[in-house]
1. Fewest first, what order do HIS140, HIS71, HIS24 take by the number of other Cβ atoms within 10 Å?
2. Please state the charge dipole magnitude for region 94-139, taken about the Cα centre, from unit charges on C-beta atoms (+1 on K and R, -1 on D and E), reported in debye and rounded to the nearest 20.
3. Could you please rank TYR60, TYR48, TYR42, placing first whichever residue has the fewest other Cβ atoms within 10 Å of its Cβ?
4. For ARG99 and ARG33, calculate 0.36 nm times their separation in residues minus their Cα-Cα distance, and state this gained length in nm to one decimal.
5. Between ASN43 and LEU67, what is the spin-label point distance in nm, taking each point 7 Å from the Cα along the Cα→C-beta axis?
6. Under 10 Å, Cα contacts only: if you run a Gaussian network model on the chain, which one of THR73, THR29, THR137 comes out with the highest mean-square fluctuation?
7. On full extension of the chain, what length is gained from ASP88 through ALA10, given 0.36 nm per residue of separation minus the C-alpha to C-alpha distance?
8. Ranked by Cβ crowding within 10 angstrom, fewest neighbours first, how are LEU40, LEU131 ordered?
Amino acid sequence: MDHPSITFRAMVLADIPAVLKVEHASFATPWTRQAFYNELAYNQFARYIVVEKENRVIGYCGMWMILNEAHITNIAIHPDYRGIRIGDATLDFLMDSARRLGAESMTLEVRVSNRVAQNLYKKKGFEPTGLRPRYYTDNHEDAMIMWVKLDENKSQRKKLGSRH
């Protein structure tokens, strides 16, 4: 579903305060200002995008591009904007960005209890491939590892898109 009222653009250092608001509203153990700064200023593999609505940052996503693989580091939409498929559009944008940068596959970790996110990832073609035991530091919850082949997913999305 397209959202004509939202836009995507590269995250810049000036976005960190707004991104932190989304981060703190979204996660029990949010990243710090310094973590985002380090990703933007020093990590040559990092690519971060903000989601804007009416010039306000309402979400963001990030990935590391390493050779022909994209690793999603995080994706978050402010709780006030969830449930209206902005996360869906954001993941599409991130996957398309990874393809344009030469990625053939994409991976991520997701909490085993986060069924909403898992369902979105499965809808986009991600498949569970393993577990990282006690991955999350706040409660030692396991992380499900998921992968998708981007070329296969692109043709699958085209087929699915013709029905919607």
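Rule-based calculations on the coordinates, nothing more; no lab input. Computed from a prediction, not measured in an experiment: that's the story for all the values here. Here the Cβ is made from the backbone with ideal geometry for all residues, glycine too, and neighbour counts use every protein chain on show.
1. HIS140, HIS24, HIS71
2. Values: 9 positive and 5 negative charges, 28 e Å.
Dipole about the Cα centre, nearest 20: 140 debye.
3. Details: TYR60 27, TYR48 20, TYR42 8.
Exposure proxy ranking, most exposed first: TYR42, TYR48, TYR60.
4. The span from ARG99 to ARG33 would gain 20.9 nm if fully extended.
5. Rounded to a tenth, the inter-label distance reads 2.0 nm.
6. Fluctuation is largest for THR137.
7. 26.3 nm
8. Ascending Cβ contact count within 10 Å gives the list LEU131, LEU40.
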